[in-house]
Amino acid sequence: MPKKTFVWGFVLLALLGITSLGVSQVTAVTKKDLYSQVELFSYALTTVQSDYVDQKSPQELIYGALKGMLSSLDPHSQFMDPDEYKDLKTETEGKFGGLGIEISIKDDLLTVISPLEDSPAWRAGIKAGDKIVKIDHDVTRDMSLDDAVKKLRGNPGTKVMVTILRESDDLVKDFTITREIIHVDDIKDPHIIGDHIGYVRLTEFRENSYNELHQALEKLKAQGADSLVLDLRNNPGGLLDVAIKIAEDFLPSGKTIVSTRGRHSSEDYMAKSQNDGGEFLDWPMVVMINEGSASGSEIVAGALRDNKRAVLVGVKSFGKGSVQSVIPLPDGSGLRLTTAKYFTPSGICINGIGITPDVVIEANNPKEDEDSDDGKAGKEKKKDVDTIFSDLEHKEDKGKSALSLKDKKDLQLQSAINVIKGIKISTVWLKEKK
């Protein structure tokens with residue numbers, strides 16, 4: 001029995017260590033219930049250690065138990081060994097290896113939240129909403145999110161085959177993708193799209209996202225922008241505090257941004273007083289979302305829509321309305337634990353539901369338009385040349401610059417521009433009426 005005594009002590013130390021960090025609270029059960037269940041766990045653990053065909057170390061068994069416990073909670077909770085925890089911290093800094101896709105479990109299937117623009121997955125043609133049914137011939141049904149991430153990642157230059165189910169097209173297709181080191185730019189393509197309307201695309205919410213977005217807005221303002229299209233399409237989210245800080249840039253003091261509700265506490269995040277009289281508060285705004293907009297994107301979109309600060313254009317968002325806290329453990333490992341659900345200012349929890357925009361516009365596919373061979377190649381080429389000359393002719397008046405060919409082909413963006421113009425016209429009319 002000495003072995004069982006050792007393992008029992010190890011398990012208790014592990015559990016007590018976790019509770020001391022505030023990770024697990026047992027207010028809903030008595031100590032007697034807890035100890036009886038720990039005794040059952042200890043018995044199973046020592047049986048595996050003594051009788052399993054291959055010898056396993058205590059750490060391997062405890063890590064395995066923690067992985068199973070966290071994965072049984074929900075698709076987003078996860079135990080991370082030291083290497084995985086280190087990888088997570090690298091991700092939030094914007095540089096990591098892999099295919100360049102954000103994935104989750106939705107309807108019990110491994111689902112692409114969004115491919116990152118210019119990543120290997122994006123270039124291969126992976127789309128938001130695709131179901132990953134196989135990875136290198138391994139069927140993903142009942143595969144944990146953690147295991148899927150491990151299989152998709154690998155050394156740069158190596159290949160992985162991903163089998164995709166695209167329900168909208170009734171399509172099952174294999175994609176062979178070469179892994180790369182993923183460099184993610186938070187801000188894409190800030191420019192004036194006509195009539196002094198600024199455009200900026202935010203790809204994720206990471207540590208530097210707020211500063212980079214603010215700098216882009218300042219540049220747009222210097223170029224004559226007086227209104228904004230904020231493009232959050234295919235933005236899978238990121239850091240909660242960054243999403244809140246970005247929403248604050250567009251909301252006056254005291255407005256609710258988001259509320260989080262957990263088992264033991266609830267919190268309302270409000271726009272802070274330093275935003276009174278902020279430089280972007282009066283800008284008419286449209287926020288663009290689609291099925292690849294999740295988490296932080298939904299927080300920002302919901303906050304601006306519910307506070308009547310912006311109009312949403314696009315299609316329904318992904319619907320990830322839960323908050324994960326990252327909790328370090330003493331040995332360098334960590335927990336990603338769902339600790340709350342978030343609610344928009346109007347009190348709606350969009351977890352599993354998503355946000356339906358005010359103006360629903362299905363996306364076209366500019367890439368397919370460009371690749372199609374229907375005898376219009378010369379005409380398209382001429383359009384492109386005309387656009388280049390038009391841009392050159394208007395370079396002195398950047399506030400009224402012509403639309404690029406890419407902008408013209410984006411039906412959702414065209415709708416956003418029309419909405420912005422309508423807001424500006426109605427604002428002028430109301431001022432004149434007063």
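Annotations for the structure displayed:
- Evaluated against (1) over 26 Å from residue 79 (Cα atoms); (2) in contact with a helix residue (DSSP H, G or I) (Cβ under 7 Å, 6 or more places away or on another chain); (3) modelled with pLDDT under 95; (4) assigned to a loop (DSSP other than H, G, I, E, B), residue 369 falls short on exactly one condition, (4).
- Answer residue from region 139-172, given it is part of a strand (DSSP E or B) and loosely packed, with under 14 Cβ neighbours inside 10 Å and is modelled with the lowest pLDDT among those: 171
- Apart from one condition, residue 175 fits all of (1) surrounded by 13 or more Cβ atoms within 10 Å (Cβ to Cβ); (2) assigned to a helix (DSSP H, G or I); the exception is (2).
- Any chance residue 316 is surrounded by 13 or more Cβ atoms within 10 Å (Cβ to Cβ) and either modelled with pLDDT under 95 or assigned to a strand (DSSP E or B) (or both): no
- Here residue 219 meets the list (1) in contact with a strand residue (DSSP E or B) (Cβ under 8 Å, 6 or more places away or on another chain); (2) under 19 Å from residue 301 (Cα atoms); (3) free of Cβ contacts under 8 Å to residues at least 40 places away in the same chain almost entirely, failing just condition (2).
- The listed residues are 200, 184, and the only one of them that is closer than 27 Å to residue 132 by Cα and not small (Gly, Ala, Ser) turns out to be 184.
- Within the option set 348, 327, being of a type in the set (A, V, I, L, M), surrounded by fewer than 20 Cβ atoms within 10 Å (Cβ to Cβ) and under 30 Å from residue 59 (Cα atoms) holds for one residue only, 327.
- Positions within region 30-83 being in a loop (DSSP other than H, G, I, E, B) and of a type in the set (Phe, Trp, Tyr), in sequence order: 52
- Within region 287-309, being at positive phi and within 12 Å of the chain's Cα centre (by Cα) holds for one residue alone: 295.
The values are calculated or read from the model by the stated rules, or taken from the named source; none is laboratory data. Nothing here was measured: the structure is a model prediction, and the numbers come from that model. Note: ideal-geometry Cβ built from the backbone for every residue, glycine included; neighbour counts use all protein chains shown.
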